[in-house]
Each structure stands twice: as C-alpha cells, then as structure tokens.
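Asker: Below you will find the structure I want to go over with you.
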Amino acid sequence: MRIIALAAAFGLVACSAEVEQANDEEQLSANVYQAADGYDPNDYVDNFTLLDHEGKAHELYYFQDSPAIVVMIQGNGCPIVRNAWADYKAVKDEFSDKGVQFYMLNANKQDNRERLKTEAAEFSYDIPILKDETQLIAESLGVKRTAEVLVISPEDWSIVYRGPVNDRLGYGEQRSTTDNHYLAEALKAVLAGERPETRIRRSKGCIVNLPETAKRAEHAQISYSETIGPMLEKNCASCHEEGGIAPWAMTGYDMIEGFAPMIREVVRTKRMPPWSADPHIGTFNNARGLTIEERQTLVHWIEAGAPRGEGPDPLASRVSDATEWPLGEPDLIVEAPAFDVPASGIVDYQFPTVLNPLDRDVWVKAVTVVPGDKTVVHHALVGSSEEVTKPGEGDYSDVFDNYLIGFVPGAESYVYPEDTGVFVKAGGEFRFQMHYTTSGRATTDRTKLGLYFYDKPPKHPLRQQVALNLALGIPPNSVGHEEKAYFEFDRPATIYMLFPHSHYRGKSSTFEVVYPDGREETILSVPDYDFNWQHTYSMEEPLSVPAGSRLIHRTQYDNTGRNISNPNPERTVPWGLQSHDEMLYGSFMFRWTEETADNILHDPLQFDIRQFYGFADRNMDGKLARQEMWGRLAKSWDEGNLKQADADGDGALSFAEYYGMTLARMKRAQAAQQKSR
Ligand code: HEC
C-alpha cells in the first residue's frame, strides 16, 4: 500500500515485484477491478480529441459507426506494455479489417512527444499513441495502470471490457502461452452483437501517476472569482459577449454554470477557443488556446460541480473593450455592400467588391475589418486588385490577388511586420470573401474595411503567394489522401504568415521548409482543419530562408461518410471554387529579403511559373517530365513544340528551360504586336 502511494506521489514508474506484493495486500478480488476515483463502470465515455505521437488528431466520436474502439494504456519504459504489444498487435491484426479501431493512450507526465516517437520506433508500435497531456481523459476513464485495454462500444459509448489483453503477463514473469484471450473474446462478443461476459478484470501494469485524482476534494476550492472568471474573460469573452459571433454570451456566473458541461466538452475536444495549430510546432503571435494547466483547472472546476464560491463576478462586471477602430481613425474606409443574412440555413460564401476610390498609389501599413453585424460574420478575407470583377464572377482565390487581411472574430486588425507594407495601386477594386453564419435572427450586414497608409514607402514590399494544386483529384470514400505543392524561392526570402485553405473535406495541413542542404523543418501543422475557422497563422519569429529553399504545403483529405461535412463521399473530387469541390491552397506572406521599395526585384512571370511548377512537378525533382504532363501540355510535348525547350535533351523541362521558353515567346509576341501597330 505504502509503496504504491509513494510511487504515485513521486511519479515513479512502479513495476517491481514489490508492487505486486503490495497489490495483493490490497485484497482485490481476482476479477473485480477497484475502480479509480471518479470512475463508474456504467459511465459513458465522453467525446475527446487527442493528438498522437506524430501530431495527428483523433476524435473518439468520429468512429461512431465502428463496432468497437480499443485503447491500451501505454507508458514508456514499462516492460509489461512492451511485452503485451506483440499480443495486442496480434489481436489488432485479426480485428482491424472488421472495422475495430486500435489505439494506445499515454497519460504519463514524463513521456513527451519526442520520447513517444523514440519508444514507438524502438518497439515497432504501428498504431497511434494518443497523448493525453492534460491527463483529463485518463482521469475520466479511471485509468490506474498501463497495459490495461479498454474496449469502448460506440453503440452507447460505454466501456464493455477493461482488463488485460490475455493472461500471459505478470510482473517480472511471463508465460509462453496463453489460456485466456480476454480481449479477443471480448471483441468476438461485440462483433456478434453481444456484451462480453466479464466486463472488468484486474490488470497488471505500471502505475500511471495521475496526481489530481487524489485531489478531487480540493478542486471544489478553485475560485470562480479569481481563477475561472478571469480565464474565460481573457480567452473567450471577446466572442462570447452580447452581440458577439458566439451564440451565447459569458455575462456572469449563471451562464457559465449552465454551460459548464458543454464547456467541458469543447475543451476536451479542443473545439474552443478556436485555434487549430499543433502547439508543438511553431509559435504564432495571434495564437489562441488555453495552456495545459488552464484546461486542467477549468475542467476540474467543472467536474467539482462548478462552484460559485466567494468574491465578485468578473464576467458580470465586464465591459466590452470593442471600439470600432482599435488602431484609430483609418486613412480610408471601404464599406462592403449591404448583405441580407437569413435567420437560418447555410449561406454560400459571398464575394462583394468595391471600386477603389483612390486616385493615387498607396502603401498600406495596417488594416482593420469591422463586421457590420458581429453575430453573423464568421470570417472575412480582403484583398485588392488592379482589375475589376464582373458582377457575380468573384471567387475564393480573387482576394489573394493582392491580399490584405484575414479577419476572424477577436482578430480584427493586422499591423504588417515592421518596415513592410502592401502596395495598392490606384484604381481597381477591393475584394471581400465573406463567410456568414446564420444566428436564428434575420439581419443585414454591412462590413467595413479600414486602411492605414505609410506617409512614405516602407523599406520592404510585403508579398503574397500560394502553393496550390489545380490538378488535384481526391478518390471517393478515401481518408488520408494527400495533395501537395511547393513554392521555390529563387532568392532569399523572409516568411511572415501562413494560411492553409481547403474545403469541407480538408482534414489536416502542414507547411514545411526544405532548405537547399536538404534539411526539412515543419513550420505549421494543423492536425484538425476546420473549414469554418479560416485562421491566419502569423509567425512570432519571421523565418528567413536562403535562395533555393522550398516551402511545401500539404493537405490530407477525408472524403468518407464519417466526415459529417462531406457533401458527397462517392465522388472523385476535382479542384473547384465551390465548397463541394476541393482546394489545396497554401497562401503565405513574405518579403524578398533583399528587395526594397526603391529596388524592386520581383519578377511576376517567374512568380507565376514557379507556382505552376510547384504542383505540376509531382515528384518534386525540379523538372517537368513527360509523365508529369497532362492535357494541353502533354499534347504540346508530343507534338514536338514543348520538346524544343528541352535544351539539355534530358527528356524533361527544368524550370530554367521552361522560363526561358515562356520569356522568349512573350518577347516574340510583343515584337509582333509592335510591328502590327
Ligand atoms: C473567436 C471567437 C471565439 C472564442 C475566442 C471562443 N469561442 Fe466559443 N464559440 C464561438 C462560436 C462562433 C461558437 C458557435 C459554434 C462554432 O461556430 O464553432 C462557439 C461555441 C461555443 C460553445 C457551444 C458549443 C457548440 O456546440 O456550439 C461553448 C461551450 C464555447 N463556445 C465555449 C468557449 C470557451 C470556454 C471559450 C474560451 C476558452 C471560447 N468558447 C472561446 C466563438 C468563440
């Protein structure tokens, strides 16, 4: 007894024979599991989303049509888990193709992602190890020891079996054969539509140190007034206020108490506050999110009954700090045309445009978007263009012609990095991409854009480019299909901002840099992409990359029926502007490190061709080979036209060859035009 308590208290992994002895002293009856604090075997398993050791997101309730989900509690350095793996894997190999999902779950404080990767590689774990970094999930599952497996039935989300994989393993000893295949028997029962006869078996494994389970009583002392209220005020109330985008306002304790179970759910599933970047990769100066400690405190307070306690109510006395123009009176205000938002239903993205009233060129220093009706404007992207769109012809990508700002509630303003600005030429138009959500009440929105100008040109022009794939194709009923594209910087560049975009089937996205020396670095990972939240990721430290570096954008798609937003899983999905089609669209803002406003180095032709190469060159070897060509391109090659550009005769077009050919053609066309005048 004492040893266990001590081991738990000091976070030691207890796996010795002494522990077993101590365990026996506990007089646990052979088949009855002593439930950990708070675990009732009749409890449902509430939904959760966790990232695995590779940074991929997994949501439990995604598998609601599976016969069962199996989770083995894992811990690095625990011999029982390592030994049980072969048996667990055998069960996995037998039942995976029957739709059963297999996971490991690690809640050990000492096991971080890097250590999990090492352990997984060393012991050949080929299933996701879910990292429960707040320990909240393990606590609610009543976890005590590693090597225990939990079989969860999506029928009612109950745990239909918990215990060892089989009877082979003990502390310090193991048998070579197994008489009782508990897990396999349990799964057979579930697949036959029955429940396993024995629901709970005592399991041997290393104790998982969950210190908060012993402190349940203290959780009732967490102060609403001093801790919870201020936390919600800081992280949530800018949206959850009267007239804000969120459907309910955090106006005081009674609202929080009422929504407490729902708050617990959105924290466990990482839905709120809205922010999708993997916190292990990169730091962003517009990041949202609660820290591990904050999430623990908030959920523990809710699980303790969300007590009001003493002290004033910070949310009741909160005054919204929303002023119309937080950066001061703008130099130019552009008002989008009024749009009538219905009370309910889904509103397609809107693409209003407004003629640029300026008769002079300007350098923009900062921008603010003021939604006309905050309850319906979910996001707004704004750009400018020298061209004027015909009515009804605007689309998603138009705003990126000369991109200015991506607005989501709580991020109204964007001040461009020091000494950089976006050039807006006189004439043309401003372009909006508006995403409205209905709020139950019909309303009219009139969103405004405020622009702030430099008095004299800034040092560096800020530029925007996209790694995209116009030739994508996502197979029907597939999950994990990947599309990728790169942009190669032909001169040194400094990257400031990243913006991954796909539609309803987008599942996860990354941006990676591949340096000329081959080194790779992931600079943004969005493991759980949500079409509804178009976040811009603004890098805390701008990244300077040498000439020859590539920025690679990848997106994985979920084109199955399990993806509830999927409009049609039976379709091979092509590129398209509408949400029922797809995109691979990785926009980024950067500057040419050596470019200044009075020494423009930018070459628009090269820019365009590099964008095309970034997806046409599927194997990313820097050349366009015949087998990578399609449509008109392939035809032109076969007819001999393109082939002429293959100066070195290697059967493929390098970027330089293609660029040289295009430039020569343009010059010829220009000359011909001049002649005919
Ligand atoms: C950027 C704005 C924003 C912030 C910040 C934000 N929310 Fe929300 N919240 C929303 C919106 C919008 C919804 C409606 C659902 C949606 O659109 O995803 C919502 C919905 C919810 C819901 C209801 C769940 C549901 O199914 O709709 C809860 C609970 C919630 N938020 C809690 C929180 C908590 C707790 C925080 C802070 C830790 C927070 N939110 C921060 C915008 C926000």
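Asker: Which pairs turn up if I take residues in region 253-267 that are within 16 Å of residue 235 (Cα to Cα) and look for partners that are near the ligand (Cβ under 7 Å from one of its atoms) and at pLDDT 95 or above with beta carbon separation below 6 Å, at least 6 apart in sequence or on another chain?
Answerer: 266/272
Asker: For the list (1) at pLDDT 95 or above; (2) crowded, with 22+ Cβ neighbours inside 10 Å; (3) within 28 Å of residue 522 (Cβ to Cβ), I need the number of the one condition that residue 482 fails.
Answerer: Single failed check for residue 482: (2).
Asker: When you go through 186, 192 one by one, which is the residue that is open to solvent by 50 Å² or more (accessible area, probe 1.4 Å), modelled with pLDDT of 95 or more, more than 10 Å from the ligand (Cβ to nearest atom) and in the same structural domain as residue 66 (by TED's automatic domain parsing)?
Answerer: 192
Asker: Could you please give the count of residues in region 230-242 that are assigned to a helix (DSSP H, G or I) and either buried (at least 17 other Cβ atoms within 10 Å of the Cβ) or near the ligand (Cβ under 6 Å from one of its atoms) (or both)?
Answerer: 4
Asker: Of the residues 281, 245, which is in a loop (DSSP other than H, G, I, E, B), in contact with a Ser or Thr (Cβ under 9 Å, 6 or more places away or on another chain) and within 29 Å of residue 45 (Cβ to Cβ)?
Answerer: Matching residue, one of 281, 245: 281.
Asker: Could you grab me the full set of residues in region 111-165 that are part of a strand (DSSP E or B) and either outside the structural domain of residue 208 (by TED's automatic domain parsing) or more than 13 Å from residue 54 (Cβ to Cβ) (or both)?
Answerer: Within region 111-165, 145, 149, 150, 151, 152, 153, 158, 159, 160, 161, 162, 163 meet the criteria.
Asker: I would also like to ask the following. Of the residues that make up region 381-392, is at least one away from the ligand (no atom under 16 Å from the Cβ), open to solvent by less than 20 Å² (accessible area, probe 1.4 Å) and farther than 30 Å from residue 241 by Cβ?
Answerer: Among the residues of region 381-392, at least one is away from the ligand (no atom under 16 Å from the Cβ), open to solvent by less than 20 Å² (accessible area, probe 1.4 Å) and farther than 30 Å from residue 241 by Cβ, which makes the answer yes.
Asker: Would you mention how many residues in region 607-654 are within 17 Å of residue 463 (Cβ to Cβ) and surrounded by fewer than 16 Cβ atoms within 10 Å (Cβ to Cβ)?
Answerer: 2
Asker: Filter region 259-298 down to the residues that are among the charged types (D, E, K, R) and on the phi < 0 side of the Ramachandran plot and list them by number.
Answerer: 264, 265, 268, 271, 278, 288, 293, 294, 295
Asker: Determine which single condition residue 598 fails, assuming it passes every other condition in (1) closer than 30 Å to residue 419 by Cβ; (2) surrounded by 12 or more Cβ atoms within 10 Å (Cβ to Cβ).
Answerer: So residue 598 meets the others, but not (2).
Asker: Now for a different question. Scanning region 268-279 for residues that are open to solvent by 20 Å² or more (accessible area, probe 1.4 Å) and within 19 Å of residue 136 (Cα to Cα), which turns out nearest to the ligand (Cβ to nearest atom)?
Answerer: Checking each candidate, the answer is 272.
Asker: Output yes when any residue across region 257-265 is among the aromatic types (Phe, Trp, Tyr) and open to solvent by 40 Å² or more (accessible area, probe 1.4 Å), and no when none is.
Answerer: Yes, that holds for at least one residue.
Asker: Specify which of the listed residues (263, 302, 245, 292) is within 14 Å of the ligand (Cβ to nearest atom) and within 20 Å of residue 436 (Cβ to Cβ).
Answerer: The unique qualifying residue is 245.
Asker: I've got another one for you. For region 430-510, which strands (runs of 3 or more DSSP E) that fit wholly inside it have 1 or more residues that are closer than 25 Å to residue 583 by Cα?
Answerer: Hits in region 430-510: 463-468, 479-488, 493-501.
Asker: Looking only at region 464-478, decide whether some residue is open to solvent by less than 10 Å² (accessible area, probe 1.4 Å) and either under 27 Å from residue 326 (Cβ atoms) or basic (Lys, Arg) (or both).
Answerer: No - not one qualifying residue is present in region 464-478.
The values are calculated or read from the model by the stated rules, or taken from the named source; none is laboratory data. This structure is a prediction, so every number in the text was calculated from the model and none was measured. Cβ coordinates were reconstructed from backbone atoms using ideal geometry, including for glycine residues, and neighbour counts include every protein chain displayed. Note: areas computed on protein heavy atoms with side chains; ligands, DNA, RNA excluded. Shrake-Rupley method; radii C 1.70, N 1.55, O 1.52, S 1.80 Å.
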